Amino acid sequence: MQHKMSDSRLINKQIKYMKKIFALSLSVLLCTVVFAGGTDFSSGASGIAVVKRDANTFKLIYKAEKAGYVKVSIRDSRHRTVFYESIKTVEGFTRPYNFQSLQEGDYTLEIIDNAGLHIEKIHNYADQGEKLFNVRKLEGEDKLILTVSGKGTETFHVKIYDGSDVLVYNEDKTVTGDFARIYNLKNLEGGIRFEVTGANGKSKVIRY
């Protein structure tokens, strides 16, 4: 009798877990949005970034070097797959993923494309503030990718300093909706400082 009760509890846990996977699948938009409008990637460049859109939604921004299929998997802290999809893309796409049905915790977003495996970490916690912008260096390249995610119109201030701490680039960029741009810094010497500041005064700085 006790053995039957244990089996019943195990089945109930498996059912609850499958419901979470199904709920996350339903939360993903059925359409793939090709980069357009506010997105401003340089021709031929590629990049991957994840930004937090609101309290429960994380957005994957992907720019492809060439056409092909992109496989996206979301895994929990125990490396269990909670979501999977394969996307056919020509230039790139943005994709929102809603974590409302999942438990708080750390998740891994795995992207497989023609270039191999890319891994992004997602920290899904209710008390985490919204991230309006993100800056990261593209692996193996002298390029930085700036991504902005959010509703409405925002003005961002971008400054780039060279190794001698001389301001070599200064821009006020007003964007509506989502935006992404790759900055090619290969002609600058080491010690580069990249700063971006939002309208709320929050800044993001990268040095390399």
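The values are calculated or read from the model by the stated rules, or taken from the named source; none is laboratory data. Remember, it's a predicted structure, so these values are computed and weren't measured experimentally. For neighbour counting, all protein chains shown are included, and Cβ atoms are generated from backbone atoms with ideal geometry for every residue, glycine included. The accessibility values were calculated without ligands, DNA or RNA, using every heavy atom of the protein model including side chains. Shrake-Rupley method; radii C 1.70, N 1.55, O 1.52, S 1.80 Å.
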Restricting attention to the range 166-196, and to residues there that are at pLDDT 85 or above and part of a loop (DSSP other than H, G, I, E, B), which single residue is most open to solvent (accessible area, probe 1.4 Å)? Val166
Listed residues Ser25, Ser73, Ser77; which is closer than 22 Å to Asn124 by Cα, in contact with a strand residue (DSSP E or B) (Cβ under 7 Å, 6 or more places away or on another chain), at pLDDT 50 or above and not in a strand (DSSP E or B)? Ser77
Within the range 121-138, does at least one residue satisfy the condition of being of a type in the set (A, V, I, L, M, F, W, C), out of contact with any helix residue (DSSP H, G or I) (no Cβ under 7 Å at 6 or more places or on another chain), under 25 Å from Phe179 (Cβ atoms) and at pLDDT 90 or above? no
If you go through the range 105-122 one residue at a time, do you hit one that is among the aliphatic types (A, V, I, L, M), part of a loop (DSSP other than H, G, I, E, B) and farther than 29 Å from Ala199 by Cβ? yes
So which residues in the range 80-99 are surrounded by fewer than 14 Cβ atoms within 10 Å (Cβ to Cβ) and assigned to a strand (DSSP E or B)? Thr81, Tyr84, Ser86, Lys88
